[in-house]
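Colleague: To start, I am sharing the structure in question, which I have written as structure tokens.
The values are calculated or read from the model by the stated rules, or taken from the named source; none is laboratory data. Every value quoted in this text rests on a predicted model; they were computed, and no experiment measured them. Note that we place each Cβ from the backbone using ideal geometry, even for glycine, and neighbour counts take in every protein chain shown. Heads up: the accessible areas ignore ligands, DNA and RNA and are worked out on the full protein's heavy atoms, side chains in. Shrake-Rupley method; radii C 1.70, N 1.55, O 1.52, S 1.80 Å.
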Amino acid sequence: MGEAPMPDNDVLVEISDLKTYFFLEEGTVRAVDGASFSIRRGETLGVVGESGCGKSVTAQSILRIVPDPGRILQGEIVYHRRRWHADGSTLTERVLLTELAPYGPEMRAIRGAEIAMVFQEPMTALSPVHTIGDQIMEVFIVHQGASRAEAREKCIAILERVGMPKPHRVADSYPHQLSGGMRQRAMIAMALSCNPSLLIADEPTTALDVTTQALILDLMRRLRDEIGMSIMLVTHNLGVVAEMAERVVVMYLGRVVESADVDAIFFDPKHPYLRALLKSIPQFGTKSRRRLEPIEGSVPDPYNIPPGCPFHPRCPDVIAGLCESVAPEGVTLAHSHYVECHLYR
Ligand code: SF4
């Protein structure tokens, strides 16, 4: 299922027993298959796993943009919206995102304003036929009712805030006239224009060179602290997670198999899948020439998920007679370290 519950006040988004399936002619893909976890206020949560583990579909489920023929079949996604009163007091409202029409007015008002997203490839989010300025201005006009002149002013200010050189010229440029790093900055500017409570970043730096990647990560960290938002960082790159995240959720075949604070994930990993993942990447801060060990076998056919523990065909610690037939239940160990594996029962 997922991790242990935490006090409501700390939680921004709560995902419980989420199942998002794709119904294809070839069969049913259980992309997210009973995942539960929370995103706390102000934190960066890393969501990691190999491709096909369900991390991007979980992000799409939160934003209610699961493409056809995908459908949320079961589970709840709750957004704890906080409103401030003039006297400084706060009110927290419980918004059940899974109950809202994906393209209805309430979800449209939340998407892009309260919960924003940046993608790996900015060209999927930016329109090639409109200038960067027009696209950012539209966010201010639609979500904040700004006039064109006000929207232009705010657009230049946000481009400056993300460190864009020559913001006036960039505002009048089309996406193809900018470098990959500048396009990514422009998308981050657009995502942050309404001071979102949550920024979902799906592989935000994968397509960038190492130097630009470091600049973008630094920018996201700085803006998170300024705005006080949470970040859900979806990535297969454990190095990026080690640098950015405070907590980490590890997914395998649509399930949360482990979650813990970032230090516990790297220095005290529990699940055999996470241990194998960590062995397959270079060690941080060492000059070790140790060979990287690829994970045994490959991710199973998504139409044919193995019974019992879905990791059992690849697991070096498999318990014969148990793991092949019985799905492990989650256990919460000390310090809210959650793991879904028979070894810990
Ligand atoms: Fe390995 Fe069994 Fe744990 Fe699955 S439940 S990860 S097969 S030991």
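Colleague: Let's test the formula: R0 of 25 Å, r as the Cβ-Cβ distance of residue 242 and residue 333. What FRET efficiency results, to the nearest 0.05?
Modeller: 0.75
Colleague: Right, here's the next one. To test your reading of the geometry: what angle, between 0 and 90 degrees and rounded to tens, separates the Cα axis of helix 132-144 from the longest principal axis of the chain?
Modeller: Taking Cα atoms only, the helix is inclined about 90 degrees.
Colleague: Residue 166 label point, 7 Å along Cα→Cβ, cut-off 19 Å on backbone N: hits in segment 187-202?
Modeller: 187
Colleague: Here is a further query. Compute the Cα gyration tensor for segment 205-339, then decide on rounded, prolate or oblate, letting a ≥ b ≥ c be the square roots of its eigenvalues: rounded whenever a/c is under 1.5, prolate when a/b is larger than b/c in the other cases, and oblate in all that remain.
Modeller: Because a/c hits 1.5 or more and a/b exceeds b/c, segment 205-339 counts as prolate.
Colleague: Now, a different point. Which of the peptides 226-234, 187-195, 106-114, 78-86 is most tightly packed, and how do the rest follow, going by the mean number of other Cβ atoms within 10 Å of each residue? Walk me through the intermediate numbers first.
Modeller: Working: 226-234: 20.9, 187-195: 23.7, 106-114: 17.2, 78-86: 13.1.
Put in order of decreasing packing, that is 187-195, 226-234, 106-114, 78-86.
Colleague: To the nearest 20 Debye, how big is the dipole of the chain about its Cα centre, given +1 on the beta carbon of each Lys and Arg and -1 on that of each Asp and Glu?
Modeller: Once rounded to the nearest 20, the dipole reads 720 debye.
Colleague: Using a 10 Å cut-off on Cβ atoms, rank the peptides 92-102, 259-269 from the highest mean neighbour count down.
Modeller: Packing proxy ranking, top to bottom: 259-269, 92-102.
Colleague: Shape of segment 1-136 from its Cα gyration tensor (a ≥ b ≥ c, root eigenvalues): rounded if a/c is under 1.5, otherwise prolate when a/b > b/c, or oblate? Could the numbers behind the result be given before it?
Modeller: Details: a/c = 1.76, a/b = 1.12, b/c = 1.57.
Here segment 1-136 falls in the oblate category.
Colleague: So what's segment 190-258 giving for Rg/Rh, alpha carbon basis, Kirkwood Rh from the mean inverse pair distance?
Modeller: So for segment 190-258, dividing Rg by the Kirkwood Rh gives 0.97.
Colleague: By how many degrees, between 0 and 90 and to the nearest 10, does the Cα long axis of helix 148-161 differ from the longest principal axis of the chain?
Modeller: Helix 148-161 sits roughly 50 degrees off the main axis of the chain.
Colleague: Where the accessible area of segment 11-156 is counted over protein heavy atoms with a 1.4 Å probe, how much of it, in %, is carbon and sulfur?
Modeller: Of the solvent-accessible surface of segment 11-156, carbon and sulfur hold 50 percent.
Colleague: Further, regarding this structure: For residue 176 and residue 89, compute 0.36 nm times the residue count separating them, minus their Cα-Cα distance, and round to one decimal in nm.
Modeller: So the extension gain works out to 26.8 nm.
Colleague: Follow-up. Which of the three applies to the chain, rounded, prolate or oblate, going by the alpha-carbon gyration tensor with a ≥ b ≥ c and a/c under 1.5 meaning rounded?
Modeller: On the way: a/c = 1.81, a/b = 1.54, b/c = 1.18.
Prolate, because a/c is 1.5 or more and a/b exceeds b/c.
Colleague: Considering only protein heavy atoms, what per residue accessible area in square angstrom results for the chain with a 1.4 angstrom probe?
Modeller: That works out to 47 Å² for each residue.
Colleague: Please check which bits of segment 62-92 a label hung off residue 206 would reach, taking the label as a point 7 Å along Cα-to-C-beta and the cut-off as backbone N under 20 Å.
Modeller: Zone members listed by number: 62-70.
Colleague: Would you calculate the separation in nanometres between label points at residue 227 and residue 103, each defined as 7 Å from the Cα along the Cα-to-beta-carbon direction?
Modeller: Calculated label separation equals 2.5 nm.
Colleague: In degrees, nearest 10, range 0 to 90: what is the angle between the Cα axis of helix 180-192 and the longest Cα principal axis of the chain?
Modeller: Here the helix axis deviates by roughly 80 degrees.
Colleague: Something else: Using alpha carbon centroids, what distance separates segment 151-227 and segment 297-320, in Å?
Modeller: 40
Colleague: By how many nm would the segment from residue 149 to residue 344 grow when fully extended, if each residue of separation counts as 0.36 nm and the alpha-carbon distance is taken off?
Modeller: Residue separation times 0.36 nm, minus the Cα-Cα distance, leaves 64.2 nm.
Colleague: To continue, here is another question. Need the full-extension length gain, residue 279 to residue 218, defined as separation in residues times 0.36 nm minus the C-alpha distance. One decimal, nm.
Modeller: Extra length available between residue 279 and residue 218 comes to 19.3 nm.
Colleague: Moving on to the next point. Carbon and sulfur: what percent of segment 198-345's accessible surface (1.4 Å probe)?
Modeller: Carbon plus sulfur share of accessible area: 53 percent.
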